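**Q** Please read through the structure below; I'll follow up with questions.
The values are calculated or read from the model by the stated rules, or taken from the named source; none is laboratory data. Computed from a prediction, not measured in an experiment: that's the story for all the values here. With ideal geometry, Cβ positions are generated from the backbone for all residues, glycine too; neighbour counts draw on all protein chains shown. Remember, those area values only see protein heavy atoms, side chains included, never the ligands or the DNA or RNA. Shrake-Rupley method; radii C 1.70, N 1.55, O 1.52, S 1.80 Å.
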Amino acid sequence: MVRTIRTEIIIDASIGSVWKVVSDLRTWGEWNAWTKFGDVDENPAGTDARLLASFDGDGTWKEYACQILAVDHDRHFLNWAGGVPCGLFHGNHWIILTPESETRTRMEHNEDFTGLLPALNLGMPFAKVARNYVYINEAVKRVVEARAPD
């Protein structure tokens, strides 16, 4: 069984402006109360990282190992994954941007969870995670729309 989270938001800014915020994993902690990354390089694709999650957005962080699979500047695609060995739990998380116009961008923010624990609704507070993706989307929108256009 695959548990899925699918969210999207329209942001009133160019795809480049949105990508500038979304793709800079080193600065997620400046605007994001729910997810941030530790130990990420300037060009993190293909590297291991630490993902820190605050399920309640209260500054209490849980740490997870993950791999940054893609930071594709041409496709505006960000992808990371992590999990527990032996098929117990795996999460594949991605954000993809598509232009609606020169000044509007659609951000899709998704994750697939597989393994025994998600199938049993264990291993993660899935309802909070889904809610937090909506909050993250709204935070990206606020940050990007508050900045001067490119």
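**Q** Could you give P(r) for region 19-62, binned at 10 Å from zero, as whole percent values over all Cα-Cα pairs?
**A** 30, 53, 18, 0
**Q** So, one more: Please calculate how many Å² of accessible area the chain carries per residue, with a 1.4 Å probe and no DNA, RNA or ligand atoms counted.
**A** Dividing the accessible area of the chain by its residue count gives 52 Å².
**Q** Which net charge results for the neighbourhood of VAL40, defined as the other residues with beta-carbon distances under 14 angstrom from its beta-carbon, given Lys and Arg at +1 and Asp and Glu at -1?
**A** -4
**Q** Counting only protein heavy atoms, what percent of the accessible surface of region 71-148 is carbon or sulfur at a 1.4 Å probe?
**A** Of all accessible area on region 71-148, carbon and sulfur atoms account for 57 percent.
**Q** Enumerate the calculated ³J(HN,Hα) couplings along region 28-42 in order (Karplus 6.51 cos²θ - 1.76 cosθ + 1.60, θ = phi - 60°), each rounded to whole Hz, writing x wherever the residue is Gly or Pro.
**A** 4, x, 6, 10, 10, 8, 10, 9, 8, 10, x, 6, 10, 7, 4
**Q** I'd like the accessible area for LYS128, computed on protein heavy atoms only with a 1.4 Å probe and all protein chains in place. Round to 10 Å², please.
**A** Estimated to the nearest 10 Å², LYS128 gives 80 Å².
**Q** Hey, what do the phi angles of region 82-90 turn into as Karplus ³J(HN,Hα) couplings, whole Hz, using 6.51/-1.76/1.60 and θ = phi - 60°, x for Gly and Pro?
**A** Per residue, the Karplus-derived 3J(HN,Hα) values read x, x, 10, x, 6, x, 6, 7, 8 Hz.
**Q** Could you state how much accessible area TRP31 has, in square angstrom rounded to the nearest 10, with a 1.4 Å probe and all protein chains kept in place?
**A** 40 Å²
**Q** Also, I was wondering about something else. For mean projected area of the Cα convex hull in nm², several values are listed as (1) 9.9; (2) 11.4; (3) 8.6; flag the one computed from this structure.
**A** The value matching this structure is (3).
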